[in-house]
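The values are calculated or read from the model by the stated rules, or taken from the named source; none is laboratory data. Note that the coordinates shown come from a computational prediction; the quantities given were computed from them, not determined experimentally. Heads up, the Cβs are rebuilt from the backbone with ideal geometry, glycines too, and the neighbour counts pull from every protein chain shown. Side chains are part of the model used for accessible areas, which takes the heavy atoms of the whole protein and leaves out ligands, DNA and RNA. Shrake-Rupley method; radii C 1.70, N 1.55, O 1.52, S 1.80 Å.
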Amino acid sequence: MLKEKLKQLVTQKQFTDEEIVLLLGLTDPEDCRILRDEAYARTTELMGDKVYYRGLIEFSNICTANCRYCGIRKANHQVNRYLMTKEEIVEQAVWAANQGYGSVCLQSGERHDEKYINFVCEVLEEIHQKTVSPILPNGVGITLSLGDHPKEVYERWAQASGNRENLRYLARFETSNQKLFDYLHSTPGKNEKNLQHRFECLKALRECGYQVGTGVMIGIPGQTLEDLCRDIRTFQKVDADMIGMGPYLMSEGAELGALGQRNPKELMQLSLNMIAVTRLVLGNVNIAAATALQVLEPEGREMGIEYGCNIVMPNISPLKYRAGYQLYDNKPCIEDEPTQCASCLERRILSRGRKVGWNLSGSSRKWLQRNRKPDEKLPFVSVKSDEKRQIWIKAI
Ligand code: SAH
């Protein structure tokens with residue numbers, strides 16, 4: 001495509017499906033740079049220059065679902081199943097809050113039993129109690145990523161969090177291609193997935209006051225650029241506040257081995273294009289740089305930031321559990337302690353011209369606007385202890 005025409009096209013505020021497909025399919029390095037630079041500039045303009053942390057705690061790999069692509073699917077009997085104790089989860093969350101992470105993300109396999117639902121309530125209550133401070137007056141922000149549940153359950157968790165101002169839920173619909181979705185999920189079992197049901201869950205989450213996050217896997221074998229374009233249109237339809245997307249990667253423990261995986265270089269560029277186009281079309285939503293990007297390229301998450309991401313999710317699960325949470329093969333950082341991850345990450349973020357939003361929960365601006373809430377500011381705190389001083393210094 002003519003460079004001048006492309007430069008003009010990316011600055012548009014609205015796009016036709018044909019234009020979206022064209023942008024998603026860019027491969028020429030110079031064209032991709034034009035898309036990247038516009039997405040980065042648009043992110044700065046709409047979201048500011050900060051990247052926010054969500055300390056990711058993968059607290060259990062016990063799962064009742066059998067999603068064909070996933071390494072921790074129920075039918076994979078090679079996995080050692082674990083559930084972190086309440087104390088362990090709370091300890092990680094408090095650690096994150098003390099480090100200046102404004103929020104944490106609790107993720108697990110999907111379970112529907114009362115014991116689990118109640119366990120999550122207790123964890124949320126305690127995290128809230130232990131993280132309210134002058135620096136985080138509402139406690140550490142919470143993102144849940146626990147799969148499909150009835151509205152009553154989402155409501156119970158929202159109440160338990162004690163922090164509806166900074167409450168989020170991430171439930172990807174994985175693909176808007178109905179046939180592909182069914183193929184990926186229709187394996188025998190009690191907890192078979194249904195695309196329509198996932199949309200109902202997103203609606204229920206919205207009604208319970210969560211900031212609603214969704215997303216897809218990019219480059220699933222059989223998925224076309226038109227499918228990805230429809231995915232973006234679907235993000236618009238569900239009026240998502242946050243997007244989390246990453247490349248589809250092979251997993252030995254899954255069931256799709258025979259389909260293979262796209263060529264890593266192409267898959268990486270397609271993923272970055274998808275992030276950038278999502279930023280251009282959706283505007284002021286939070287977009288997370290998925291860990292899966294880092295599998296394809298050591299600097300994958302930084303590249304995600306350059307293409308429009310403003311959220312990263314450092315893994316803060318205790319080391320001994322990491323190997324048990326391999327949704328896909330070659331997951332990075334399974335041998336790094338959380339502290340190592342955090343300091344190396346800040347350097348990486350600064351290297352791309354962004355700052356870390358220390359002690360800020362980084363709410364989606366789209367959500368703030370919809371709910372007529374002002375932009376977040378750091379609360380004034382009097383600095384007493386050295387520890388607090390450090391956090392404060394980091395914050396300014
Ligand atoms: N059980 C919860 C959250 C855990 S799975 C849920 O279902 O929402 C989190 C995400 O990991 C999924 O939404 C999926 O998009 C991603 N994932 C799983 N297997 C993957 C694979 N093989 N490649 C890339 N992403 C994968």
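Structure notes:
- Residues satisfying the stated conditions in the range 356-370, i.e. over 23 Å from P314 (Cα atoms) and aliphatic (A, V, I, L, M): L368
- Screening V51 against (1) open to solvent by 40 Å² or more (accessible area, probe 1.4 Å); (2) more than 11 Å from the ligand (Cβ to nearest atom); (3) hydrophobic (A, V, I, L, M, F, W, C) leaves a single unmet condition, (1).
- Hits in the range 22-47 (condition: crowded, with 16+ Cβ neighbours inside 10 Å and within 30 Å of V140 (Cβ to Cβ)): A39, Y40, R42, T43, L46, M47
- Residue that is farthest from D241 (Cα to Cα), among those in the range 308-321 that are open to solvent by 10 Å² or more (accessible area, probe 1.4 Å) and out of contact with any Phe, Trp or Tyr (no Cβ under 7 Å at 6 or more places or on another chain): K320
- Pairs where the first residue, in the range 137-152, is under 20 Å from E192 (Cα atoms) and the second is away from the ligand (no atom under 15 Å from the Cβ), C-beta under 7 Å, 6+ apart: K151/E207; K151/C208
- Considering each residue of the range 65-81 in turn, none proves to be closer than 30 Å to V132 by Cβ and either out of contact with any strand residue (DSSP E or B) (no Cβ under 7 Å at 6 or more places or on another chain) or of a type in the set (A, V, I, L, M) (or both).
- Residue in the range 83-102 that is of a type outside the set (V, I, T), within 26 Å of K193 (Cα to Cα) and either within 16 Å of the ligand (Cβ to nearest atom) or open to solvent by 10 Å² or more (accessible area, probe 1.4 Å) (or both) present: yes
- Unmet requirement for G260, which otherwise passes all of (1) of a type outside the set (D, E); (2) on the phi > 0 side of the Ramachandran plot; (3) open to solvent by 30 Å² or more (accessible area, probe 1.4 Å): (3)
- So A240, is it free of Cβ contacts under 8 Å to residues at least 24 places away in the same chain, more than 12 Å from the ligand (Cβ to nearest atom) and within 26 Å of A65 (Cα to Cα): no
- Failed item in (1) closer than 25 Å to E122 by Cβ; (2) acidic (D, E); (3) open to solvent by 20 Å² or more (accessible area, probe 1.4 Å), with E18 passing the rest: (1)
- In this structure, G71 does satisfy being crowded, with 18+ Cβ neighbours inside 10 Å and under 21 Å from L249 (Cβ atoms).
- Just one residue in the set A254, A258, A289 is away from the ligand (no atom under 12 Å from the Cβ), more than 19 Å from R206 (Cα to Cα) and more than 15 Å from the chain's Cα centre (by Cα); that residue is A258.
- Residues of the range 54-68 classified as surrounded by fewer than 22 Cβ atoms within 10 Å (Cβ to Cβ) and among the basic types (K, R), total: 1
- Subset of the range 320-345 (residues that are modelled with pLDDT of 90 or more and more than 16 Å from the ligand (Cβ to nearest atom)): K320
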